[in-house]
Structures are given as structure tokens and as C-alpha cells.
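**Q** Have a look at this one.
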Amino acid sequence: MLSMIFIASCISSGPAGEQKDTRLKDGEEIFSKLYPDISENEKTDTTLIMDGVPLRNFTKFFSDFLKFDYVVDNAVTGNVNLNVKSKKSRRELWNLFVNTIWSSGAYCTLKEKTVYILPIEKK
């Protein structure tokens, strides 16, 4: 069984992204296209403690762990603060990633197996 542990504390001068009250539409569809053969039964011991981690570092960490290519628009900024200590499936980890991106004022879209992270105002 894989184990995922990441602990980080970063200070960044950039402002956090504005939260938007809009529904996520594409997260599940992107997951299904990126990971068509993932077993829903396998859970991973997960410890994530992030305090002021820049959104770009957060994205790189998840891309390294979940194995996806990505592009982040230059207008996407902000920091991530979260604390997770539980067993998670890859789908749950993907949903955590997508929802964190969304709450930071950005969204994910997929083009040719690459995840693009864009600011919500460009949607």
C-alpha cells in the first residue's frame, strides 16, 4: 500500500484567491478520463499538513503523487492551508485537489491528458 505524507509551511506575500460560489462540473469527468482503471477500493494512508503553501507547489505535489501533467495559468495565485490525516482513495485525493483549486478561485479543465488550471474569471 502506498503512503502519502507531506508537511510544509511556506510564507508568500501574494493574496489568497477569491472564493467563488459556483458548482464544480468537470472534476469527476476529468478523473474518469485520467484514471480509467483506478480501483475505488484501495485507500492510501494520507497525511497532508499545509500552512501557506503556494498554489503552484500544491499543484506540483498532487501532480507528482497522482501522476498527471498540468499547466497553471499565470493569473492563478494564492496559498493553501489544509490538514488531512486519514485514509483516502485516489478519487478522494483528486476531489480534495479539485475542490482546493476551486476554493482558491481557479478551476481544472482537461485537454489531451493535460490538466489546465485557469482562473475562474477566464471560464
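Read-outs: derived from the displayed coordinates by stated rules, not from any lab. For clarity, every value in this text was computed on a predicted model and none was experimentally measured. Neighbour counts run over all protein chains shown; Cβ positions are idealised from the backbone, glycine included.
**Q** For each of Leu118, Leu48, count neighbouring Cβ atoms within 10 Å of the residue's Cβ, then give the residues from fewest to most.
**A** In order of increasing Cβ crowding within 10 Å: Leu118, Leu48.
**Q** Distance check, please: which entries in Lys33/Lys67; Lys33/Lys85; Lys87/Lys113; Lys60/Lys113; Lys85/Lys111 exceed 24 angstrom between their Cα atoms?
**A** Pairs exceeding 24 Å: Lys33/Lys85; Lys87/Lys113; Lys85/Lys111.
**Q** Per residue of segment 51-60, what does 6.51 cos²θ - 1.76 cosθ + 1.60 with θ = phi - 60° give for ³J(HN,Hα)? Whole Hz please, x for Gly and Pro, Karplus curve as stated.
**A** With the stated coefficients, segment 51-60 comes to 10, x, 6, x, 4, 5, 5, 4, 5, 4 Hz.
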